[in-house]
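Reviewing the structure listed below.
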Amino acid sequence: MILIKCPYCGERDQSEFSNGGEAHVIRPKNPGSLSDKDWGEYVFYRNNPKGIFYERWVHSHGCKKWFNAVRNTSTDQILRVYKVNEKRPDLSDFKNTLKSPSGEPLVGSGNFAVKK
Amino acid sequence: MSAINNNCEYISKKQIKIIFDGKTYEAYDGDTIASALLRNNIRLVGRSFKYHRPRGIYTCGIEEPNALVQIISEHNEPNTRATIKRVYDGMEITSQNRWPSLRYDFGAINNILSPIFSAGFYYKTFMGPKGFWKNLYEPLIRRSAGLGKPPKNFRSKSTHQYHNTDVVIIGGGLSGLAAAKKFINTKYKVLLIEQDSYLGGVLKNSNKIKTINGLTPQEWISETEELILNSKNINILKNTLVTTYNFTNHLIALEDKFAGKKIDLNKSELTLHKIRTSNTIIANGHIERFISFRNNDLPGVMLASSFEKYIHRYGVVPEKEPVIFTNNSSSLSLLKTLISLGCKPKAYVDSRKKDNIETEIKKILKDKEIPFFSDAEIEGCDGNKKVETIFIRQGKSFTKLKSSMLCVSGGYNPDIHLFTQSKGLVKWDKNILSFKPDTPFQKTITLGSTSGNYNFKKLCDEINEKLSIFKTKKVSLDINLNVPNKFSIKELWETKKKNNSNWSKSFIDLHNDVTTKDLKQAITEGFDRIEHLKRYTTNSMGTDQGKISSINSLAIVSKMLKKEISEVGTTTYRPPYAPLSFAAIAGRSTYEFYDPERKTSIHSWHLKNNAVFEDVGQWKRPWYFKASENETMHQAVQRESKMLRENAGILDGSTLGKIEIKGRDALEFMNLMYTNAFSKMKPMTSRYAMMLGEDGMIKDDGIICKISDQHFIATTTSSGAPKVLADMEEYLQTEWPHLQVYLNSITEQFSTFNISGPKTREIMMKVFPNIDFSNDAFPFMTFKNFDYKETKIRIMRASFTGELGYEIYIPPKFGLELWEEIFSCGKEYNLIPYGTETMHLLRAEKGYIVIGQETDGTVTPIDLNYNWMIGKNKKDFIGKRSLSRPDTSREDRKQLVGLLPINKKDIIEEGQHIVELNELPKKITNPIKYLGHVSSGYHSPNLNHSIGLAMIRGGKNLLGQKFFVTATGKTKNIPVEIVNPVFIDPENKRLTS
Ligand SMILES: [Zn+2]
């Protein structure tokens, strides 16, 4: 159970929120002008990286507001939250968050020996 | 060989009675089940999991692997640890996993057959043939290998409590109390959590410590507790066990509100504490581990520190003359305790070399003339359901001793369970021969023996240093010891066996009956990774999670693999730390409180009129109304359907979702959300509309009422309402924030009645004499607002049955009154109430679809032949672009058609397949070509034969063709004709009459 900081309400329990998948996937202004391939990619294709991920959340059992968050998917740490109309933070802001290339934490499991 | 009582301040001298396996025993108020049984010289308390071997009490705490019992007087609660469960007068307990009785257990034959029960036995033996697992193996295994019986008619009351604190201290022993002392009268909000009903930990469980700051341990505990209680910022929770350490310092702890008391059925038995904290201090100490030797599971073998805890904490000396077997310096404490009580151990066996053994131990043994074996070990023990003879190996010589108890100490493990749950890293410490916390992942501090510090003299410095991040004063601890300050241990995990027999076993996991031989076998078979080995042998997978043995198994395995223990690593520690009952997790969310029930304003009327209810989402909806006691559902639905088409019927449609859409850009928004075009629609008219996903598939449908370009009311399906509102809100916030639109759920603001049938107009005129219901004044798909008594109502001309119909919207407060008024007016027209099943039948006769029945998330409006609903001239709406994707515009997609049986007596069943074969082959060798499925199938009382709606590949082009529908339990298929899916009134004459 992680804590998520709603930009409107403050820190709340994860159970109050719903995840909305990858952020910054903008609905095309003119879908009719898109090729089948491009439209198909908008509808069906999403990134699912290990490490830094820009994603959408909604405070569904609270203010019902959508917002964006930057989460390290390998540690579940939410590194930044920002409103929908705010600028996407630069990836370089989180350079120091990743202790290993894939984002796998150095610390984080009792089973260290097997991981070597 | 018998137990004696010791004076102890934690046990009241009040005698009570408990019942164990049908016999009554005397106990003291304050006893645990285990201490009470030991007091009565009961050593055999259970049978083991797999081999049904006799087992006794091994420990004195949460780590107990053997002494699990069933509490008859507490809803039959199974698998209760006798070593922590406190007794009360009249408590009734039984032993587990034995038949017919504990002493004569039939399943013990498993022990003789044990060579076939070795590692991986379940995986190797119970493999096929198909169906055998479910019908034969599993029930058999569950009956013979297992724990207690599940409770019956169980209804526990537990509550949940939430905390937000700055600091949580887990463990109220010496370290925890000293840490808490630092926070007295500070700004920090602190929660001190202790599993026992008394604070003090090692101070009350042993005589390791003589004095602290010049006070006896008991005086120091009392003084400290009082200081803490007087400090407003610290709260103490006793009888509370922290079971879980989650991410972001979230802890879960279980409090037993009735420890040592008979449960009061009117009060909450358990409290589950959900704690969010900034910092966690883990000071829950250590757990003693055992040593594996031949028959190390016999009743009478007990951990040395547990034996000592029974003396100090529970005032019972389980045996006056036990044999002590140790590989470390800590057992001096037990030796001194026994001597001070005038008891004399039968022998003291220390695996350490004589030179390495503390002088004080040697002096006591010499003075008291206790047989002393250094550089020696216990080879094994024998006896019938109890320890009788003990074999000591010293070099090449063996000594045979008679004793009924054997106290074992294999060293101490820091209790790292919670620390590793928090994702902290642990590291192997050669000095204590155990894993200890290394790098924390969260804001976690470990203190005292949890951190691997076994040196009491260094505790004070450790606490002051590690807690220096807090603004607190220094604490001082001047500790005077009864045991050597320096911990000394010699590596010893398993002793050598003299000879082999099937009866004698050297156990590594007492709970799951895993022997050291099983570990060897698993490694031989290639399971050399610790996580694989654990699952293959089930080592440390019991409810005790191998608390006294898992490190031993790592050590034994690393020796076999010729690796360092740190290379082998530990298995993953997962919550909970100790089993916690589902009742505690569920809290108040049980039975009727599990999921709220939503009832309409007419619910009481439905009850009075024999409605049978159906759950639609959280709603209770009348499914059908029983006209008489013996009427079946089929009869009721046939009757309701026929009556409605002849006269009139009314349905409580209050559960339909209703969303109000308002604002400057409401029209543009609705045009984007729904497939239909709303621009040219006149105010005060309504339209059947559909909502798609971006993939072009139907998500929901409903009727849209247009009040003006700035104001719409949309209805949704009963269960789809929250999702539709959430989707609308999402698009408004994320994609079209420039649109000025406000959404509001008004589902519960209106009771809704759907009245339809040929006599409807007459009934409506009688209920609302001032309203003109003529076709010209009130045409199909229009709506109007009216004043009605002291409220306002909205009436819409619409129908889901295909008959003339109206929908009435009224505030719920007046709903029931109007409903009853309609019935009194409708009586002369034979108005009937009908339920959802009749609604489904009638709409199927008319060829109307139901979301989730005809559609399943892969159906477009084109598949349903609903092209007329698509606003083709609209530039954009959700899902429009997808309707022209190659896959969505395929000709051979499954499309909606109607089915008629060629033999009118045949019944078309819902869910059956449509095929080309008139009969299924006896033996199916090749896949049978599948054309589609029946999505709705009913017997139509108005046509007097079966009808069906079906989704068939390329169905639109198959009208008039003949196919076959499969039937339950038959190889002969039903011949059907593909027809237009509208069976009644295709010209809509009734609808618009
Ligand atoms: Zn919020």
Normalised per residue, the volume inside the convex hull of the alpha-carbon atoms of the stretch A:3-93 in Å³ amounts to 120 Å³
B:Trp605 accessible area, 1.4 Å probe, all protein chains in place, Å² to nearest 10:
30 Å²
Which semi-axis lengths, in whole Å and largest first, follow from the square roots of five times the eigenvalues of the Cα gyration tensor of the stretch B:890-991?
24, 17, 10
Just to confirm, what accessible area per residue do you get for chain B at 1.4 Å probe, in whole Å²?
42 Å²
Antiparallel content of DSSP bridges confined to the stretch B:4-109, in %, to 5
85 percent
Reduced to Cα centres, the span from the stretch B:300-343 to the stretch A:14-30 in Å works out to 63 Å
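What length, rounded to one decimal in nm, is gained on full extension from B:Ile72 through to B:Lys486, with 0.36 nm per residue of separation minus their alpha-carbon distance? Present the calculation step by step, with values, prior to reporting the outcome.
Numbers: separation 414, 0.36 × 414 = 149.04 nm, distance 4.66 nm.
Between B:Ile72 and B:Lys486, full extension yields 144.4 nm more.
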Where only C-alpha atoms are counted, convex hull volume of the stretch B:183-225 per residue in Å³
83 Å³
What is the log10 of I(q)/I(0) for the stretch B:693-755, computed with the Debye formula using one identical point scatterer on each Cα and no solvent, at q = 0.20 Å⁻¹?
-0.98
Under 17 Å by backbone N from the virtual spin label 7 Å along Cα-to-Cβ at B:Asn185, the residues of the stretch B:443-474 are B:471-474
Provide a whole-number value for the mean count of partner chain Cβ atoms within 10 Å of the Cβ atoms in peptide B:732-743.
2
If you count, for each residue, the other Cβ atoms within 10 Å and average over each peptide, how do B:328-340, B:374-386, B:931-943 line up from highest to lowest?
B:328-340, B:931-943, B:374-386
How far is the Cα center of the stretch B:786-845 from the Cα center of the stretch B:240-294, in Å?
56 Å
Restricting to bridges with both residues inside chain B, how much of the DSSP beta-bridge set is antiparallel, in percent to the nearest 5?
75 percent
Whose amide H sits under 5 Å from the amide H of B:Leu237, counting only residues 5 or more places off or on another chain, with H placed in the peptide plane?
B:Leu192, B:Ile193, B:Glu194
What is the log10 of I(q)/I(0) for the stretch B:369-449, computed with the Debye formula using one identical point scatterer on each Cα and no solvent, at q = 0.24, 0.26 Å⁻¹?
-1.09, -1.23
Semi-axes a, b, c in Å (a largest) for the protein assembly as shown, each sqrt of 5 times a Cα gyration tensor eigenvalue, come to 70, 34, 30
Given a Förster distance of 56 Å, report the FRET efficiency between A:Arg12 and B:Lys210 from their Cβ-Cβ distance, rounded to the nearest 0.05.
0.65
For the peptides B:965-973, B:618-626, B:753-761, A:70-78, what is the packing order when you average, over each peptide's residues, the other Cβ atoms within 10 Å and list the highest mean first?
B:753-761, B:618-626, A:70-78, B:965-973
With a 1.4 Å probe and every protein chain left in place, tell me how much accessible area B:Val850 has, in Å² to the nearest 10.
20 Å²
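Two decimals is fine: what's Rg over Rh for the stretch B:626-665, C-alpha atoms, Kirkwood radius as Rh?
Working: Rg = 17.5 Å, Rh = 13.3 Å.
Rounded to two decimals, Rg over Rh is 1.32.
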Does a label point 7 Å from the Cα of B:Glu735, set along Cα-to-beta-carbon, have any residues of the stretch A:16-40 with amide nitrogen under 17 Å, and which are they?
A:20-36, A:38-40
Roughly how much of B:Met951 is accessible, in Å² to the nearest 10, using a 1.4 Å probe?
0 Å²
Could you work out, residue by residue across B:875-886, how many beta carbons of other chains sit within 10 Å of that residue's beta carbon, and then give the average as an integer?
4
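Using r as the Cβ-Cβ distance of B:Lys466 and A:Ser33, and R0 as 45 Å, what FRET efficiency do you calculate, to the nearest 0.05?
Working: r = 64 Å, r/R0 = 1.42.
Rounded to the nearest 0.05, the efficiency is 0.10.
Would you mind giving the mean number of other chain beta-carbons within 10 Å of the Cβ of each residue in B:54-62, as a whole number? Write down the numbers at each step before the final one.
Numbers: counts 0, 0, 0, 0, 0, 0, 0, 0, 0.
If you average over the peptide's residues, the count of other-chain Cβ atoms is 0.
Could you work out [θ]222 nm for chain B from helices alone, using -39500 (n - 2.57) per DSSP H run of at least four and dividing by all its residues? Round to the nearest 500 deg cm²/dmol.
Working: 24 runs with 205 residues, N = 993.
Taken over chain B, the calculation gives -5500 deg cm²/dmol.
Hey, what's the Kirkwood Rh for the stretch B:442-590 if you take every pair of different alpha carbons, in angstrom?
Values: mean 1/r = 0.0524 Å⁻¹.
By the Kirkwood definition, the hydrodynamic radius is 19.1 Å.
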Convex hull volume of the Cα atoms in the stretch B:339-408, per residue, in Å³?
96 Å³
Heavy-atom SASA rank of B:Met560, B:Met796 (probe 1.4 Å, accessible area, largest first)
B:Met560, B:Met796
Output the Kirkwood hydrodynamic radius of the stretch B:4-109, Cα pairs only, in Å rounded to one decimal.
13.9 Å
Once the Cα gyration tensor of chain B is diagonalised, semi-axes √(5λ) in Å:
73, 34, 27
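How large is the charge dipole for the protein assembly as shown, taken about the Cα centre, if only the Cβ atoms of Lys, Arg (+1) and Asp, Glu (-1) carry charge, to the nearest 20 debye? Before the final figure, lay out each step's value.
Numbers: 158 positive and 122 negative charges, 583 e Å.
In debye, rounded to 20, the protein assembly as shown gives about 2800.
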List the residues, sorted by chain then number, that are 5 or more residues from B:Thr446 or on another chain and whose placed amide H is less than 5 Å from its amide H.
B:Ile282
Could you check what % of the DSSP bridge pairs in the protein assembly as shown are antiparallel, to the nearest 5?
75 percent
Report, to one decimal in Å, the Kirkwood hydrodynamic radius for the stretch B:444-504 based on all distinct Cα pairs.
15.2 Å
Each label sits 7 Å from Cα toward the beta-carbon; between B:Ser476 and B:Glu916 the label points are separated, in nm, by 9.8 nm
Count the lysine pairs in the stretch A:3-93 whose Cα atoms sit under 19 Å apart, keeping only pairs 8 or more residues apart in sequence or on different chains.
8
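Charges at C-beta only: +1 for Lys and Arg, -1 for Asp and Glu. How large is the resulting dipole of the stretch B:890-991 about its Cα centre, in Debye rounded to 20?
Numbers: 15 positive and 10 negative charges, 46 e Å.
Once rounded to the nearest 20, the dipole reads 220 debye.
If packing is taken as the mean number of other Cβ atoms within 10 Å per residue, what is the order of B:955-964, B:294-303, highest first? It would help to have the intermediate numbers written out before the result.
Details: B:955-964: 15.9, B:294-303: 25.3.
Result, highest mean first: B:294-303, B:955-964.
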Picking from B:Leu900, B:Ser936, B:Ala967, whose Cα lies most toward the positive end of the charge dipole for the stretch B:890-991 (charges on Cβ: Lys, Arg +1; Asp, Glu -1)?
B:Ala967
For the stretch B:899-950 and the stretch B:575-620, what is the separation of their Cα centres, given in Å?
37 Å
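Any idea what % of Cα-Cα pairs in the stretch B:200-290 are farther than 16 Å? Intermediate values should be presented prior to the final figure.
Details: 2869 of 4095 pairs.
Here the long-distance tail beyond 16 Å is 70 percent of all Cα pairs in the stretch B:200-290.
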Karplus 3J(HN,Hα) series, Hz, for the stretch B:214-226 with 6.51 cos²θ - 1.76 cosθ + 1.60 (x for Gly, Pro)
x, 9, 5, x, 5, 5, 5, 4, 4, 4, 5, 4, 5
Given B:Ile565, A:Tyr54, B:Ala179, which one lies farthest toward the positive end of the charge dipole of the protein assembly as shown, if we put +1 on the Cβ of every Lys and Arg and -1 on the Cβ of every Asp and Glu?
B:Ile565
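The values are calculated or read from the model by the stated rules, or taken from the named source; none is laboratory data. Computed from a predicted model, the values in this text were never measured in an experiment. FYI the Cβ positions are ideal-geometry reconstructions off the backbone, even for glycines, and counts take in every protein chain you see. Accessible surface is based on the protein model in full, side chains and every heavy atom, while ligands, DNA and RNA are left aside. Shrake-Rupley method; radii C 1.70, N 1.55, O 1.52, S 1.80 Å.
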